[in-house]
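*Asks:* Let me give you the structure first, and then I'll get to my questions.
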Amino acid sequence: MYGLCDCNNFFASCERLFRPDLEGKPVIVLSNNDGCVIARSNEAKALGIGMGQPLYQVQRLVEQRHVTLFSANFALYGDISRRVMATLRALVPNTEVYSIDEAFFDLHGIGEPLDDYGRQIGRTIRRNTGIPVSIGIAPTKTLAKIASKLAKQYPKLDGCCYMHRRQDIEKVLATFPLRDIWGIGRRYGKLFDGMGIRTALQFVQLPQEWVHARMGVAGLRTWNELQGVECIAFEQMPARKQQITVSRSFPKEIESLAKLDRIVAEFAAACAEKLRRQGSACREIICFIYTNRHREDQPQRYESGLATLAEPSASTIEIVKLTRTVLQQIYRSGFGYKKAGVTLSEILPASQMQGSLFDPVDRQKQQRLMETMDRVNRTYGKGKIVLAAQGTHPFRMNREHLSPRYTTEWDELPVVKAE
């Protein structure tokens, strides 16, 4: 048996932890630069506010119904996520963190009743962290995903759905939307809509040969998982990312190459830091910039460029230098750029790097320098040591509704005042 622990409306729940006055009231969390809705409380969903909807489209509704807005506070959400996952690890044999608000756990060898076991997990996480979670338990990871969604939808399940009997699984699949199945995706959703196949049970009833021919091994894996056959392995260690991207939209269009250069250097440095954190190095760097696609009255440009490192590297110095070179090649004057980003690809473990006899860079010296820079920034705060190309004033997003970093900054700790 597998379980899935899914935090309910996670970003909104994190904000409510320190604002108990918002319980039962509509809350939404906004994306970078306060552009779109990325999280909603149940009350906000009931008002018809959609996921990913631009703020300007719901601004009047927000004002009329007194919806509380928050800018995305990823420092807070990341720390609360670590606390949730730490509690979960203490309660189950093995875990696999799937995202910031979801984790699979392995229940092989755990005795019945598993539904009581799941409810105990949910209650303990709520008690230790304040975050409400939904627990789904089923024979496969795909079915556990479905079970966790049911645990959210039906309060009578008391936070845990244990779906294991064949007849119960078929009953659920008969009404469960195929588009909501893990692994189906938008492209296959359109294909099946055109065929009149809209439920998970209709998909399961398709011939195995047809699924394999049209969807390949990945589709066949999902087909088997829905029938209770384990096909998706349990990973106790998170896999290394095969691409690392840092990108942002700007509050206002930027025309100056000098301003873009500083911002792109900052993004490249952040990518390099993430690369070292997972013990990897990269061979390729992609830099991209583009204009505001919502401004039909202005000329549009989408520019991107790729550069290859002579030797795989995780050095901020090398990655920033090459990224700036690419930016100079793709930049075109006379345009207002609304977004920029940097992507590192061709990623491999640093331990598998094979050096060159003709490499002009002292790799050991550069590795020591990067280790020192990372250590200082971890100890004294992000951005204490940066490259000159990044400038002394880091890029700031438009976050007018940002809450304090209650759990990660001493100066922003909650204060209780005596009456």
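*Asks:* Considering only the range 94-111, I want to know if a residue exists there that is over 19 Å from residue 19 (Cα atoms), crowded, with 20+ Cβ neighbours inside 10 Å and of a type in the set (Val, Ile, Thr).
*Replies:* For the range 94-111, residues over 19 Å from residue 19 (Cα atoms), crowded, with 20+ Cβ neighbours inside 10 Å and of a type in the set (Val, Ile, Thr): present.
*Asks:* Testing residue 320 on (1) of a type outside the set (Asp, Glu); (2) under 23 Å from residue 398 (Cβ atoms); (3) more than 24 Å from the chain's Cα centre (by Cα); (4) buried (at least 20 other Cβ atoms within 10 Å of the Cβ), one condition comes back false. Which one is that?
*Replies:* Single failed check for residue 320: (2).
*Asks:* Run down 26, 113 and say which single residue is touching a helix residue (DSSP H, G or I) at 6+ places or on another chain (Cβ under 6 Å) and closer than 21 Å to residue 152 by Cα.
*Replies:* Only one candidate passes the filter, namely 26.
*Asks:* Turning to a different aspect of this structure: Does residue 174 satisfy being touching a Ser or Thr at 6+ places or on another chain (Cβ under 7 Å) and either over 24 Å from residue 99 (Cα atoms) or free of Cβ contacts under 8 Å to residues at least 24 places away in the same chain (or both)?
*Replies:* Criteria met by residue 174.
*Asks:* Take residue 40 and tell me if it is basic (Lys, Arg) and either modelled with pLDDT of 95 or more or touching a strand residue (DSSP E or B) at 6+ places or on another chain (Cβ under 6 Å) (or both).
*Replies:* Yes; evaluated as a whole, the condition is true for this residue.
*Asks:* I would also like to ask the following. Under 6 Å between Cβ atoms, at least 6 apart or on separate chains: pull out the pairs that start in the range 266-290 with a residue that is over 20 Å from residue 325 (Cα atoms) and end on any residue that is surrounded by 17 or more Cβ atoms within 10 Å (Cβ to Cβ) and at pLDDT 95 or above.
*Replies:* The qualifying pairs do not exist here.
*Asks:* List pairs: first residue in the range 132-157 and in the same structural domain as residue 120 (by TED's automatic domain parsing) and assigned to a helix (DSSP H, G or I), second residue polar (S, T, N, Q) and surrounded by fewer than 22 Cβ atoms within 10 Å (Cβ to Cβ) anywhere in the structure, Cβ distance under 8 angstrom, at least six positions apart or on different chains.
*Replies:* 152/8
*Asks:* Kindly indicate whether any position in the range 96-108 is free of Cβ contacts under 8 Å to residues at least 60 places away in the same chain, touching a helix residue (DSSP H, G or I) at 6+ places or on another chain (Cβ under 7 Å) and within 30 Å of residue 139 (Cβ to Cβ).
*Replies:* Looking for residues that are free of Cβ contacts under 8 Å to residues at least 60 places away in the same chain, touching a helix residue (DSSP H, G or I) at 6+ places or on another chain (Cβ under 7 Å) and within 30 Å of residue 139 (Cβ to Cβ), one finds none in the range 96-108, hence no.
*Asks:* On the given criteria, is residue 297 surrounded by 14 or more Cβ atoms within 10 Å (Cβ to Cβ) and not assigned by TED's automatic domain parsing to the domain that holds residue 92? Steps first, answer last, please.
*Replies:* On the way: surrounded by 14 or more Cβ atoms within 10 Å (Cβ to Cβ): no; not assigned by TED's automatic domain parsing to the domain that holds residue 92: yes.
It is false that residue 297 is surrounded by 14 or more Cβ atoms within 10 Å (Cβ to Cβ) and not assigned by TED's automatic domain parsing to the domain that holds residue 92.
*Asks:* Moving to a separate point now. Looking at 283, 324, can you tell me which residue is in a helix (DSSP H, G or I) and either small (Gly, Ala, Ser) or under 24 Å from residue 372 (Cα atoms) (or both)?
*Replies:* Working: 283 fails: in a helix (DSSP H, G or I).
From the options 283, 324, the qualifying one is 324.
*Asks:* Residues 124, 140: which one is modelled with pLDDT of 90 or more, more than 26 Å from residue 45 (Cα to Cα) and surrounded by fewer than 18 Cβ atoms within 10 Å (Cβ to Cβ)?
*Replies:* Within the list 124, 140, the selection yields 124.
*Asks:* Moving on to the next point. Return yes or no: is residue 246 among the hydrophobic types (A, V, I, L, M, F, W, C) and touching a residue at least 12 places away in the same chain (Cβ under 8 Å)?
*Replies:* Yes.
*Asks:* Among the candidates 215, 195, single out the residue that is outside the structural domain of residue 298 (by TED's automatic domain parsing), free of Cβ contacts under 8 Å to residues at least 12 places away in the same chain and among the aliphatic types (A, V, I, L, M).
*Replies:* Exactly one of 215, 195 is outside the structural domain of residue 298 (by TED's automatic domain parsing), free of Cβ contacts under 8 Å to residues at least 12 places away in the same chain and among the aliphatic types (A, V, I, L, M), namely 195.
*Asks:* Would you please name the residue that is surrounded by the most Cβ atoms within 10 Å (Cβ to Cβ), looking only at residues in the range 164-179 that are part of a loop (DSSP other than H, G, I, E, B) and out of contact with any Pro (no Cβ under 7 Å at 6 or more places or on another chain)?
*Replies:* 176
*Asks:* Oh, and also: Which pairs have Cβ atoms under 7 Å, sit 6 or more apart or on different chains, and link a residue in the range 55-71 that is within 14 Å of residue 11 (Cβ to Cβ) to one that is of a type in the set (Lys, Arg)?
*Replies:* 68/25; 71/399
*Asks:* Now for a different question. For the range 180-204: of the residues being within 22 Å of the chain's Cα centre (by Cα) and in a loop (DSSP other than H, G, I, E, B), which is modelled with the lowest pLDDT?
*Replies:* This residue is 183.
*Asks:* I want to confirm something. Restricting to the range 323-332 and keeping residues that are of a type outside the set (D, E, K, R) and either outside the structural domain of residue 364 (by TED's automatic domain parsing) or touching a helix residue (DSSP H, G or I) at 6+ places or on another chain (Cβ under 8 Å) (or both), which single residue is surrounded by the fewest Cβ atoms within 10 Å (Cβ to Cβ)?
*Replies:* Out of the qualifying residues, it is 328.
*Asks:* Restricting to the range 255-289, what's the tally of residues that are surrounded by 18 or more Cβ atoms within 10 Å (Cβ to Cβ) and more than 11 Å from residue 390 (Cβ to Cβ)?
*Replies:* Going through the range 255-289 one residue at a time, the tally reaches 13.
*Asks:* Turning to a different aspect of this structure: What pairs can you find where one residue is in the range 398-418 and under 20 Å from residue 38 (Cβ atoms) and in contact (Cβ under 8 Å) with a residue 12 or more places away in the chain, the other is surrounded by fewer than 10 Cβ atoms within 10 Å (Cβ to Cβ) and not small (Gly, Ala, Ser), and their Cβ atoms are less than 7 Å apart, with a gap of 6+ or different chains?
*Replies:* As it stands, the answer is 406/414, since those pairs meet every condition given.
The values are calculated or read from the model by the stated rules, or taken from the named source; none is laboratory data. Here the structure is a predicted model, which means the values were calculated and not measured. FYI the Cβ positions are ideal-geometry reconstructions off the backbone, even for glycines, and counts take in every protein chain you see.
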